[in-house]
Amino acid sequence: MSQPYETIILDTDDQGIATVTINRPKKLNALNTQVLEELSDVFTTIQNDESVLAVIVTGTGDKAFVAGADIKELRALDSPSGKEKSRKGQQVFQQLEDLRKPVVAAVNGYALGGGAELAMACHLRVAGTNAVFGLPEVGLGLIPGYGGTQRLRHIIGQARALELILTTKQIKAEKAYQWGLVNRIAEEDLEEAARSLIHKILENGPIAVRYAIEAVYQSGKEAGFEKEAELFGSLCETEDFVEGTSAFLEKRKPDFKGK
Ligand code: CO8
């Protein structure tokens, strides 16, 4: 699957892993309106394509994942248009988070502002050794506007989230790993590390993986318990559940069919 986007490269391999590459290397892959529109389209395509089993999000080049929202575009915003742009970006990133296929950010350099927010909207994050995370917005007289105030707090906790947002300090891969912002650091090939994480996930029951993502993202403890029980019950009716438990009892590897 390959689509004619100008600012995105979408490639799907024969194992059903789609790679979404933000492709504006001359501007360090900064997110302008066109990138966001194309991303929205790409995420819809991926959602509707059953042959796509998992997604990697990354940026072109070895310097930046995404260096933020396009500051040149931001400069022209006023109150109504700023709010609208923020809402639009939130929606696009939510489309990504709402994919019920594992989404892994492969962070290949600067992930600043909207770039850090994009990585946070992915389900998991693998950092290259050159990854740098930061939320520079208050230094521009702004705040994170693509969901970052909420997601960062969930991922690393309120105190560390506030420290990053209020000081605008940048952290490298090692610190991001210590703080739980990234799941792994790729000591060698970043793409390979992201793929290996995905392969590990795809060994498991596909419906169970989908439902696990759904349950973890259900907000509110009571609603979360309800969702968990409902999905657990549904899984008990699947062939994968019979296969997974039988394989354990028969001391063999399961052969899941996603049914
Ligand atoms: N926007 C636009 N252009 C950018 C951006 C950006 N975020 N980042 C880099 N560029 C451009 C530069 O202007 C430069 O272009 P040109 O060659 O035409 O002058 C080119 O990319 C290369 O950049 P540098 O020369 O600056 O490269 P350096 O290696 O010297 O520096 C840095 C790399 C440190 C990453 C530096 O480019 C930088 O600090 N970039 C800006 C980072 C930033 O502040 N990002 C946050 C933006 S705000 C944001 O993301 C808000 C999100 C929420 C918005 C919600 C409502 C819309």
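Only the coordinates and a few stated rules stand behind these numbers; no lab work does. The structure displayed is predicted, hence computed values, not measured ones. In this analysis, Cβ positions are derived from the backbone assuming ideal geometry, glycine residues included, and neighbour counts consider all displayed protein chains.
At a glance:
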read-out	value
Tensor-based shape of the range 18-168 (alpha-carbon gyration tensor, a/c under 1.5 rounded, otherwise prolate or oblate)	rounded
Separation in nanometres of the label points that stand 7 Å from Cα toward Cβ, at Ser196 and Glu97	3.0 nm
Check: the chain dipole with +1 on Lys, Arg Cβ and -1 on Asp, Glu Cβ, in debye	960 debye
Low-density loop positions, GluC sites (Glu not before Pro), the range 1-69 - DSSP coil, at most 12 other Cβ in 10 Å	Glu6, Glu50
Nonlocal amide H pairs with Val132, under 5 Å, H built at 1.01 Å	Gly109, Tyr110, Ala111
In the range 1-103, trypsin sites (Lys or Arg not before Pro) in a DSSP loop with at most 10 other beta-carbon atoms within 10 Å	Arg75
Amide hydrogen neighbours beyond the local backbone of Ala30, cut-off 5 Å, H modeled	Ala67
Cut-off under 5 Å, modelled amide H: who pairs with Ile8 long-range	Asn23
Potential lengthening between Asn183 and Glu6 on full extension [0.36 nm per residue; Cα-Cα distance subtracted]	60.7 nm
Per-residue Cβ neighbour rank within 10 angstrom, fewest leading, Glu228, Glu174	Glu174, Glu228
Among beta bridges that DSSP assigns inside the range 1-160, antiparallel share in %, nearest 5	20 percent
Gyration tensor verdict on the range 115-236 (Cα atoms; rounded if a/c is under 1.5, prolate if a/b is larger than b/c, oblate otherwise)	oblate
When each of Lys88/Lys200; Lys63/Lys169; Lys72/Lys172; Lys101/Lys200 is checked by Cα-Cα distance, pairs over 24 Å	Lys88/Lys200; Lys72/Lys172
Sequence of Asp240, Asp189, Asp14 once ranked by neighbouring C-beta atoms within 10 Å, starting from the fewest	Asp14, Asp189, Asp240
Among Arg125, Arg151, Arg184, residue whose mean-square fluctuation peaks in a GNM of the chain (springs only between Cα atoms under 10 Å)	Arg151
Cα centroid separation - the range 102-161 against the range 1-61, whole Å	18 Å
Within the range 129-192: Cβ-based charge dipole about Cα centre, in debye rounded to nearest 20 (Lys, Arg +1; Asp, Glu -1)	480 debye
Karplus-derived 3J(HN,Hα), 6.51/-1.76/1.60, for each residue of the range 221-230, Hz, glycine and proline x	5, 5, 4, x, 4, 4, 4, 4, 5, 4
Proxy reagent accessibility, fewest Cβ within 10 Å first, across Cys122, Cys236	Cys236, Cys122
Projected-area average for the range 199-246 over all orientations - Cα convex hull basis, square nanometres	3.5 nm²
Cα pair distances in the chain, grouped into 5 Å bins until the bin that holds the longest one, percent each	1, 6, 12, 17, 18, 17, 12, 8, 5, 2, 1, 0, 0
Additional length obtainable on full extension of the chain from Gln34 to Ser234, 0.36 nm per residue less Cα span	68.0 nm
³J(HN,Hα), Karplus 6.51/-1.76/1.60, whole Hz, each residue of the range 179-193, x for Gly, Pro	7, x, 6, 10, 7, 8, 10, 7, 6, 10, 7, 5, 4, 4, 5
Relative contact order of the range 28-180, defined on C-alpha pairs under 8 angstrom at six or more residues apart (%)	23 percent
Rounded tilt (10° steps) of 79-97 against the dominant C-alpha axis of the chain	20 degrees
Global form of the range 165-245, assessed from the alpha-carbon gyration tensor, a/c cut-off 1.5	oblate
Antiparallel bridges, percent of DSSP beta bridges restricted to the range 105-194 (to nearest 5)	20 percent
